[in-house]
There are 2 protein chains.
Amino acid sequence: MTAEANLRIVLAARPHGRPTPADFRLERTAVPEPAEGQVLLKILYLSLDPYMRGRMDAAKSYAKPVEVGQVMEGGTVARVEKSRNPDFSEGDIVLSHSGWQGFALSDGAGLRKLDPKAAPVSTALGVLGMPGFTAYAGLLTIGRPKPGETVVVAAASGAVGSAVGQIARIKGARAVGIAGGAEKCRFVRDELGFDAVVDHRAPDFPEQLKAVCPDGIDVYFENVGGPVWDAVFPLLNEFARVPVCGLIAQYNKTDHAGADRLPVVMRAVLTRSLTIRGFIQREFADQRPAFHKEMADWIATGLVRYREDIVDGLENAPESFIGLLEGKNFGKLVVRVVG
Amino acid sequence: MTAEANLRIVLAARPHGRPTPADFRLERTAVPEPAEGQVLLKILYLSLDPYMRGRMDAAKSYAKPVEVGQVMEGGTVARVEKSRNPDFSEGDIVLSHSGWQGFALSDGAGLRKLDPKAAPVSTALGVLGMPGFTAYAGLLTIGRPKPGETVVVAAASGAVGSAVGQIARIKGARAVGIAGGAEKCRFVRDELGFDAVVDHRAPDFPEQLKAVCPDGIDVYFENVGGPVWDAVFPLLNEFARVPVCGLIAQYNKTDHAGADRLPVVMRAVLTRSLTIRGFIQREFADQRPAFHKEMADWIATGLVRYREDIVDGLENAPESFIGLLEGKNFGKLVVRVVG
């Protein structure tokens, strides 16, 4: 790759179940020139997030799918290389949604300037960005944990889960994390300070979860689905709240044979007065200023910690993304596009 | 039955699936004598409601089960026959929860005096009672219909459904009812004034429902479950609300073979930001005074109509209740215990 090439990764084919490297294609194009009013962005960091799996399918989700042949979408941190827009100067660092590529044009709409002195700019893709805000808005607006209540979250070492548990503790609730493997569990308990953590790979995972939730579960922040849901579900207390922001365990599933669990779940919704509420963080956009302020304070005072899993090189994005869907990352997964 | 016998119906056996007459037993006991502080109630009307099916099972629901050999529970309207409680006089008409029997003792706790001049006293078991309040609180607090939105409710000629649709219209929403058979559909449309009604027995019921919901469904007041849910589910709009107060279609089901519908429902919860919220009306007890006032006004001004299906004789309660679970009633089902 020369300085003049724009490396980009497009959707080559719609995956059936688990994505494979063949579903992505690396392309080289010319670096575009900004027109009047535009800026040329050089991408520094690309965020890899589970929701991107949904964009690879043709089915309508809350956003339209990526078309085959189109650049994969995604949040990015970029530097303004050239500016023909009076609102931006060369060298500005911005949050953008430029996708899986090295360069992008923008008319400035939707760009947010970042202060590199305030925090590492990659955090605008994680704890101070969309995943952190997903945790904040979903937990506080839908989950509404009260002091002493038990909050459970899976993928607890990940971008969303780690914030959910730490915010729950700030609000006086007990935080119980679920993670995969001893190393992640240790991190969740010892570094993030969760009250308890359970390894979902343990053969007796449901029993372990029950043991660390002696008073049941009042808030289950659902970001994985699958077997974790099956273990959590019997423990949900009357009036429990279940904000649903992701179902990573079922994104790659292609069939749903087996007993129909819906009637049992609906019966519990009825008899235990449960709330199950799906959401996308942008619904709560008016809370973003409060989030940015509170989360920056919590980080500064050590109340919230975070971990990034940084992968070098855009060409490694497909493999890293496939690994993300299997829980192979450890912390917020970010691709460093430019070293 | 002499004046001195207390006729009562006890749970004889826990039903497996659909209850049968053999699950109930008629007993005659002596009419009890009130102790100091108690009143003797003579039951005038007994309410029959779908929730009672749940009480017949041993499984924990939001209330504890009726034990085998115990009198079936239920809401009642009664006359005070003898009073040794200074708060009540002979002849007072009260709302009580005395169950399937002719006489009962009470210490006065939980009794509410009714004014027979204000409304037929049987309405305290229906439109002005628990079913009407279930409709009111669930629709307004969880469903929150906005003007122009589409509200769908099943069992639309029944005690809860008829109130849901009419309150939705009062709030400026479109009310779409689902009912079983031409006679009930006609009643829902022509007498209750719903904007549209669909017969769930029609072979093309899902297509008919879709046709009368051209803008999708914003609130689905869930009181039946089963095939109606399957027809409603694809039509739920983004941010739709689903208050769940009953699942009559699945109460008698004993197996749930077939495809697992839960993953598809959870995916829709996520991608369409749905809210599914179970509730029992007593959670909203602080709204009861407002309900009593508003509903009485709506009835007085003709904005809310209601229909009662009155069955004579306590001995007919089991058969009527079994029919209720199959939709054989037409309007709020009430047993006139004393003619």
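Where a number appears in this text, it was derived from the coordinates with a stated rule and is not lab data. None of these values were measured; they are calculated from a predicted model. Quick reminder, even Gly has a Cβ in these numbers, built from the backbone with ideal geometry, and neighbours come from all protein chains shown.
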Exercise. Dipole of the protein assembly as shown, Cα-centred, from +1 at each Lys and Arg C-beta and -1 at each Asp and Glu C-beta, to the nearest 20 debye?
Worked result: 300
Exercise. How much net charge surrounds B:Ala300 when only the other residues with a Cβ under 14 Å from the Cβ of B:Ala300 are counted, with Lys and Arg +1 and Asp and Glu -1?
Worked result: 0
Problem set entry | Estimated distance in nm for a label pair at B:Ala211 and B:Arg144, the labels positioned 7 Å out from Cα along Cα-to-Cβ | 3.5
Exercise. Could you work out the helix-only [θ] at 222 nm for chain B, with each DSSP H run of four or more residues adding -39,500 (n - 2.57) and the total divided by the number of residues, to the nearest 500 deg cm²/dmol?
Worked result: -6000 deg cm²/dmol
Problem set entry | Evaluated over chain B, the Cα radius of gyration and Dmax, each in Å | 20.5, 63
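How would you classify the protein assembly as shown from its alpha-carbon gyration tensor, with a ≥ b ≥ c the square roots of the eigenvalues: rounded for a/c under 1.5, else prolate if a/b is greater than b/c, otherwise oblate?
Cα axes put the protein assembly as shown in the prolate bin.
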Problem set entry | Neighbour-limited loop hits for trypsin sites (Lys or Arg not before Pro), segment B:25-75 (at most 14 other Cβ within 10 Å; DSSP other than H, G, I, E, B) | B:Lys60
Exercise. In chain B, which helices (entire DSSP H runs) extend 15 Å or more along their own long axis, judged by Cα positions, while averaging at least -1.0 on the Kyte-Doolittle scale?
Worked result: B:159-170, B:288-300
Exercise. Okay, which of segment A:131-173 sit inside 16 Å, backbone N to the point 7 Å along the Cα-Cβ direction of A:Leu303?
Worked result: A:133, A:135-137, A:139-141, A:144-148, A:163-173
Exercise. At B:His97, label 7 Å along Cα→Cβ: distances to the other copies, nm, ascending?
Worked result: 5.0
For this session: For segment B:238-282 and segment A:59-89, compute the distance between their C-alpha centroids and round to whole Å.
Result: 36
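Can you run the Rg to Rh ratio on segment A:142-247? Use alpha carbon positions and the Kirkwood inverse-distance Rh. Numbers along the way, then the final one.
Details: Rg = 11.9 Å, Rh = 13.1 Å.
We get a ratio of 0.91 for segment A:142-247.
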Seminar exercise, completed: Contact order relative to length for chain B, counting C-alpha pairs under 8 Å separated by 6 or more residues, stands in percent at 18
Problem set entry | Potential lengthening between B:Asp190 and B:Thr20 on full extension [0.36 nm per residue; Cα-Cα distance subtracted] | 57.7 nm
Exercise. In segment A:271-336, which GluC sites (Glu not before Pro) fall in coil by DSSP and have 15 or fewer other Cβ atoms within 10 Å?
Worked result: A:Glu326
Problem set entry | 3J(HN,Hα) from dihedral phi, segment B:23-35, Karplus parametrisation 6.51/-1.76/1.60, rounded to Hz, x for glycine, proline | 7, 10, 9, 8, 10, 10, 10, 6, 5, x, 9, x, 7
Problem set entry | Relative contact order computed over segment A:130-283 (Cα-Cα under 8 Å; 6+ residues apart), in percent | 22
Problem set entry | Teacher prompt: A:Pro147 distances to equivalent labels in other copies, 7 Å Cα→Cβ, nm | 4.3
Exercise. Dipole of segment A:130-283, Cα-centred, from +1 at each Lys and Arg C-beta and -1 at each Asp and Glu C-beta, to the nearest 20 debye?
Worked result: 360
Problem set entry | Copies compared at A:Phe239 - label distances in nm, ascending, label defined 7 Å from Cα in the Cβ direction | 2.7
Exercise. What is segment B:1-159's relative contact order, in percent, from Cα pairs under 8 angstrom and six or more apart in sequence?
Worked result: 22
